[in-house]
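Here's the structure we're looking at; comments come further down.
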Number of protein chains: 2
Amino acid sequence: MADLQSINARTGQPLGAAWAASTAEEIDAAVAAAAQAAALFAATSAAERAALLRDLAEALLAGRDTLVPLADRESGLGLARLGGELDRTAFQLRGFADVLERGIVHAVIDDAAVAGMPPAGRPRMLRVRVPLGPVAMFSASNFPFAFSVLGGDTAAALAAGCPVVVKSHPAHPELSRQTVALARQVVAARGLPVGVFQSVEGAAVETGVRLVQAPAIAAVAFTGSFHGGMALARVAAERARPIPFYGELGSVNPLVVLPPVVPSQGAALAETLAASICQGAGQFCTSPGLVIVRQDAAGDAFVQALADRLVAQTPHAMLTPGIRHAFEQGVSAWSCHAGVQTLVPGGAGMDALPRPFLGQVQAGDFIADARLQTEVFGAAALVVRVDSLAQTLAVLRAVGGALTVTLWGADSDTPEHRDLVRAATQVAGRVLFAGVPTGVAVTAAQQHGGPFPASTAPATTSVGYAALDRFLRPVALQEAPAWVVNCRGLV
Amino acid sequence: MADLQSINARTGQPLGAAWAASTAEEIDAAVAAAAQAAALFAATSAAERAALLRDLAEALLAGRDTLVPLADRESGLGLARLGGELDRTAFQLRGFADVLERGIVHAVIDDAAVAGMPPAGRPRMLRVRVPLGPVAMFSASNFPFAFSVLGGDTAAALAAGCPVVVKSHPAHPELSRQTVALARQVVAARGLPVGVFQSVEGAAVETGVRLVQAPAIAAVAFTGSFHGGMALARVAAERARPIPFYGELGSVNPLVVLPPVVPSQGAALAETLAASICQGAGQFCTSPGLVIVRQDAAGDAFVQALADRLVAQTPHAMLTPGIRHAFEQGVSAWSCHAGVQTLVPGGAGMDALPRPFLGQVQAGDFIADARLQTEVFGAAALVVRVDSLAQTLAVLRAVGGALTVTLWGADSDTPEHRDLVRAATQVAGRVLFAGVPTGVAVTAAQQHGGPFPASTAPATTSVGYAALDRFLRPVALQEAPAWVVNCRGLV
């Protein structure tokens, strides 16, 4: 079945010939190769894996002139943004290399033996971490570099010593092919087995299902839609031997505008927020989709300023017709909702470029209707008007789980601000006190995750260096002989 | 419905009157109280929580003369073992207090801002950890202290700053009631809200299901049967907002006897192993259920010695008639299996004390039949005969997930031993090079978990100080103002 086709995101025109998805046999062979390579790759030193990651970064940067224009044609995200994303992806690969070279991954806890009876008496216990084994990595559509073939999940899994089987995203299939080819060359040039980096492709759900069901797959990393992610999470849970499923499934990213900031900085913040809502045509996991504003005159003025700035924004073409269609449907559902007042009409019909949408709803209506609490992927946001701290907290509780919560104006230590900060940390993986949530720093402190649906594994992150913890499992070695303790790459 | 009844485990006679399970309203009220207490408890200092844990340990030790005999009547596990278990439980509570006082729980990663454009440029990011919220804790039957009301899961959750709603185990209902009363007194005496420690009870599955479905419950800790655990894991996954489920569901704990040890130490090791198989009537999560032995004359001699030592063992009464019945059924199924040669007949019918069972099976038959790879809870073990390293590795792969793998005789650095160690770390959370897996040290290096079914969350542990990581979630604070960074107990 020829179900992969490179398409110009701006024109909808096909580029080159279509090609066939991976067959079941090809998927099984990719997993078998990864399984075959697992023991050898697990036994590589941190320095060897760091060198692999650095070479991958080099190769990516060397391919810039080919890859970035190709990514632009397939995604419509623009050359400037994609060039920056390529830099970030290389930075991330090198960042994991740094982490490996600093020895953090192979840190152990060594509890000496204690003579005597339990509970105080104990044998010597050494806590190490071992790679899980082959990881199925599902690329996302919206970051053709940073959350795709050589993105954060791949970098983290390789850093941990796990072979990766990439499921390419069909929205940028030719870019994926070329990035896969580049990665395979690097793996071969380093003398590593081909199974260290494998890939499969296919637009139908069966490709991913077969990959997740493969018995040798030890964990799944996924960034994408709620429905796709939940379906694969179920497949992972229903295996004879269930495996960890690390899924990032969406987020409405509430932003709370507190009274002090509105009069003084309202206009500038409205401008910043409008740009953030429309960045990348709103196709960011961290796009602010919920703006919580007090029901008062200053709040009215801020909302008006935001609406004015949004009207002036012109988002570019979306990634795929399917994503565009879902955006139009989501905007239409919000527009027709009895509780939603449309401030910026948005949408445009499939023939024109997308237009941003802004609606306004009262807190009570928002809390009462789960449909309003669900992400509309694209340049669409809801303003929720609140009349009290208690209502703000109730709105956050209704959201329940998000990648980010932004608090604008919580600058002083007041009981109200303490309650807000606490509520924000209960809901989100990242809490911002300034700026906008779009843009995620790659650093050790980063946390890109949060309570469901932001993550299916809320204690884990998919961005930042803690991301590699997902692919390591602690093992306690009891009374290990000296040769085991000293054997590099064994444990 | 009066479905709770204290029963003498040795005689089957009821002790005192029966009483009713928690009603749905009582379960909801317990969760509501925990939810109400969550913010205040999360804001306590590490020192305050350490003091709570120390007071709980004191109270438990002060209650020894009442609690240990009661535990013995309800469980039949014996005064000596239960006295030691009480000590271990108090040791564990104090150990978590030590961890809190050393500040490890509140360690942060503080990434300074870097000027310039991303990816190198970044805002200041502070990575902290926040408590998840109310934890549903399911007591196990086989450790009336250490894995029950004030056991490791409760200690870890309280240390993390999460209120606990204990689901008592109906196999020791009166002990649970008295331990709950003691815990409530300690919580009240420390001036903490009653919601910090709540409990529910009931023998029917509905009690646990309602608890896991309660929207305010943020995580579940479970130690128990495969079927009970899987049912609750599904309930947790099917909530509108799925939550982490930390389940320990069973383990066959393979033990590999390598050729060098057999002639020299065979008799002593057979004695040690027989005692481990029968310890606590085999009712340990870490009971060795699979003994992998070479198919040669030395192996024959070891197996004969093991059989001789096992016949001489006299396990005590099992915890409940239900557990005893499952043991008899499991032994019977193994006895009747065409591939299993019975070496020690085991079982005894429900009227007598249980007798240990030992069967022998060829590696090929073991690998081919998943029924032989499943734990029989009690003093029952299978000897698997192997003719090569490759077969040993294949047997371990067939097991797939276990709390422990023990390697006897891997003392020297050989390619064969490297393969075995690597295979063992892929299968188990703890790898022993001497001794027997029964007995789990409470220490920072401990790892009590492993690939499914040993744990539903294989990167986590339910014993040792890393157990509290299950109940904390990282949060990145971006450009947090000074008052947030310095506010004790806020984040």
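A few remarks follow.
- The residue that is farthest from A:His325 (Cα to Cα), among those in the range A:374-398 that are in contact (Cβ under 8 Å) with a residue 40 or more places away in the chain and surrounded by fewer than 19 Cβ atoms within 10 Å (Cβ to Cβ), is A:Asp387.
- Lone unmet requirement of (1) surrounded by fewer than 23 Cβ atoms within 10 Å (Cβ to Cβ); (2) of a type outside the set (Lys, Arg); (3) within 7 Å of chain A (Cβ to nearest Cβ) for B:Ala441: (1)
- Cβ-Cβ under 7 Å pairs, at least 6 apart or on other chains, the range B:173-196 side over 13 Å from B:Gly63 (Cβ atoms), far side surrounded by 15 or more Cβ atoms within 10 Å (Cβ to Cβ) and basic (Lys, Arg): B:Val194/B:Arg184
- Residues of the range A:86-96 that are over 10 Å from A:Gly151 (Cα atoms) and either charged (D, E, K, R) or more than 9 Å from every other protein chain (Cβ to nearest Cβ) (or both): A:Asp87, A:Arg94, A:Phe96.
Matching residues to (1) at pLDDT below 95; (2) among the aromatic types (Phe, Trp, Tyr); (3) over 24 Å from the mean Cα position of the chain (by Cα); (4) at positive phi:
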residue	(1), (2), (3), (4)
A:Ala51	no, no, yes, no
A:Leu56	no, no, no, no
A:Leu67	no, no, no, no
A:Leu70	no, no, no, no
A:Glu74	no, no, no, no
A:Asp98	no, no, no, no
A:Ile104	yes, no, no, no
A:Val108	yes, no, yes, no
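- Residue match in the range A:304-311 (condition: in the same structural domain as A:Asp387 (by TED's automatic domain parsing), buried (at least 20 other Cβ atoms within 10 Å of the Cβ) and either assigned to a loop (DSSP other than H, G, I, E, B) or among the basic types (Lys, Arg) (or both)): yes
- Residue ID - farthest from the other protein chains (Cβ to nearest Cβ), chosen from residues in the range A:97-108 that are among the β-branched types (Val, Ile, Thr) and in a loop (DSSP other than H, G, I, E, B): A:Val105
- Test: A:Phe433 is in contact with a strand residue (DSSP E or B) (Cβ under 7 Å, 6 or more places away or on another chain), among the aromatic types (Phe, Trp, Tyr) and within 9 Å of chain B (Cβ to nearest Cβ): yes
- Qualifying residue in the range A:149-156 (condition: buried (at least 22 other Cβ atoms within 10 Å of the Cβ), assigned by TED's automatic domain parsing to the domain that holds A:Thr66, assigned to a helix (DSSP H, G or I) and among the charged types (D, E, K, R)): yes
- Qualifying residue in the range A:9-27 (condition: in a loop (DSSP other than H, G, I, E, B), over 22 Å from A:Ser148 (Cα atoms) and free of Cβ contacts under 8 Å to residues at least 60 places away in the same chain): yes
- Of all residues making up the range A:379-398, the number that are hydrophobic (A, V, I, L, M, F, W, C) and outside any strand (DSSP E or B): 8
- Flag for B:Leu343 being assigned to a helix (DSSP H, G or I), aliphatic (A, V, I, L, M), at pLDDT 95 or above and in the same structural domain as B:Gly401 (by TED's automatic domain parsing): no
- Residue count for the range A:399-417 satisfying the condition of being in a helix (DSSP H, G or I) and either at the interface with chain B (Cβ under 10 Å from one of its Cβ atoms) or surrounded by 19 or more Cβ atoms within 10 Å (Cβ to Cβ) (or both): 2.
- Positions within the range B:109-127 being more than 8 Å from chain A (Cβ to nearest Cβ), surrounded by 14 or more Cβ atoms within 10 Å (Cβ to Cβ) and either aliphatic (A, V, I, L, M) or touching a helix residue (DSSP H, G or I) at 6+ places or on another chain (Cβ under 8 Å) (or both), in sequence order: B:Val114
- In the range B:474-487 there is at least one residue that is without any contact (Cβ under 8 Å) to a residue 24 or more places away in the chain, more than 7 Å from every other protein chain (Cβ to nearest Cβ) and either farther than 18 Å from A:Val130 by Cβ or buried (at least 22 other Cβ atoms within 10 Å of the Cβ) (or both).
- Positions within the range B:250-268 being more than 21 Å from the chain's Cα centre (by Cα) and buried (at least 23 other Cβ atoms within 10 Å of the Cβ), in sequence order: B:Val256, B:Val257, B:Val262
- Residues in the range B:292-304 that are in contact (Cβ under 8 Å) with a residue 24 or more places away in the chain and either charged (D, E, K, R) or farther than 16 Å from B:Gly359 by Cβ (or both): 4 in all.
- Within the range A:35-50, being more than 14 Å from chain B (Cβ to nearest Cβ), buried (at least 17 other Cβ atoms within 10 Å of the Cβ) and hydrophobic (A, V, I, L, M, F, W, C) holds for A:Ala46, A:Ala50.
- Applying the condition of being among the charged types (D, E, K, R) and assigned to a loop (DSSP other than H, G, I, E, B) to the range A:239-249 and asking which residue is surrounded by the fewest Cβ atoms within 10 Å (Cβ to Cβ) yields A:Arg241.
- Scanning the range A:136-169 for residues being under 15 Å from A:Gly247 (Cβ atoms) and of a type in the set (Phe, Trp, Tyr) gives a total of 2.
- Options B:Ala480, B:Ala466; residue that is of a type in the set (A, V, I, L, M), within 20 Å of B:Cys285 (Cβ to Cβ) and not in a strand (DSSP E or B): B:Ala466
Yes/no per residue for (1) of a type outside the set (Phe, Trp, Tyr); (2) over 29 Å from A:Ala171 (Cβ atoms); (3) touching a helix residue (DSSP H, G or I) at 6+ places or on another chain (Cβ under 6 Å):
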residue	(1), (2), (3)
A:Ser287	yes, no, no
A:Ala297	yes, yes, no
A:Phe302	no, yes, yes
A:Ile323	yes, no, no
A:Phe327	no, no, no
A:Gly330	yes, no, no
A:Ala333	yes, no, no
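- Qualifying residues in the range B:454-468 (those that are within 8 Å of chain A (Cβ to nearest Cβ) and in contact (Cβ under 8 Å) with a residue 12 or more places away in the chain) - the one surrounded by the most Cβ atoms within 10 Å (Cβ to Cβ): B:Thr461
- Of everything listed in (1) assigned to a loop (DSSP other than H, G, I, E, B); (2) within 9 Å of chain A (Cβ to nearest Cβ); (3) out of contact with any Phe, Trp or Tyr (no Cβ under 7 Å at 6 or more places or on another chain), the single unmet condition for B:Phe143 is (2).
- Residue in the range A:320-332 that is of a type in the set (A, V, I, L, M, F, W, C), more than 22 Å from A:Phe226 (Cβ to Cβ) and touching a residue at least 24 places away in the same chain (Cβ under 8 Å) present: no
The values are calculated or read from the model by the stated rules, or taken from the named source; none is laboratory data. Keep in mind the model is a prediction, meaning the values are calculated, not measured. We place every Cβ from the backbone using ideal geometry, glycine too, and count neighbours over all the protein chains shown.
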